[in-house]
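Note sheet for the following structure.
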Amino acid sequence: MRFHLLQFYRQCVREQAVEEEKSLENDSVFQRIIRPYAGNVLYIDFWGLGCGPCHAGMLQQREIVEALKGKPVKFLYICNEAASPRESVEAWLKENQIQGEHIFIHPEDWAYLQVHFQFSGIPFTLIMNKKGKLLKLSSYDLTVEEFEQLANE
């Protein structure tokens, strides 16, 4: 009985993984955001101006972003433009010398992506390889070497 239950579970996990990969390809909101960065390793960070851990992570990453300039690695910082007004965000980014790609999305798109990726809190991060495959949920602790390894795959 346990064997059959385990087999059933494995099949469900495989089907879910295939379904998730297909849904990423057909996800027009997410694809619209990442399409300009195709062929790069993507570090995708959902963040907000009022989030202290978001600020700390971005400040901590400044050296990594700088060290990877010119390599096929892009840092995409995505925020809800209603919760994080563009003018205030841009002033904070400039003041703190935060590099990377800064993307402001509509609240409806933000809500859609929260449901799609099943996150309710920020910061929330994702890593995608150069082929566009979602690798893992991440945190701010990846090193330059780990990004370079992903870029060379």
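Among residues of region 121-138 being under 18 Å from residue 57 (Cα atoms) and either β-branched (Val, Ile, Thr) or without any contact (Cβ under 8 Å) to a residue 40 or more places away in the chain (or both), the one that is surrounded by the most Cβ atoms within 10 Å (Cβ to Cβ) is 125. Of all residues in region 27-53, those that are under 18 Å from residue 89 (Cα atoms) and either of a type in the set (Val, Ile, Thr) or touching a Gly at 6+ places or on another chain (Cβ under 6 Å) (or both) total 1.
When region 65-84 is filtered for residues that are crowded, with 19+ Cβ neighbours inside 10 Å and among the hydrophobic types (A, V, I, L, M, F, W, C), the ones remaining, listed by number, are 65, 68, 73, 75, 76, 78, 79.
Flag not set for residue 29, criterion: surrounded by 19 or more Cβ atoms within 10 Å (Cβ to Cβ) and farther than 18 Å from residue 141 by Cβ.
Every condition in (1) at pLDDT 95 or above; (2) out of contact with any helix residue (DSSP H, G or I) (no Cβ under 8 Å at 6 or more places or on another chain); (3) over 22 Å from residue 134 (Cα atoms) is met by residue 37 except one, and the failing one is (3).
The values are calculated or read from the model by the stated rules, or taken from the named source; none is laboratory data. Everything numeric in this text was worked out from a predicted model, so none of it was measured. Quick reminder, even Gly has a Cβ in these numbers, built from the backbone with ideal geometry, and neighbours come from all protein chains shown.
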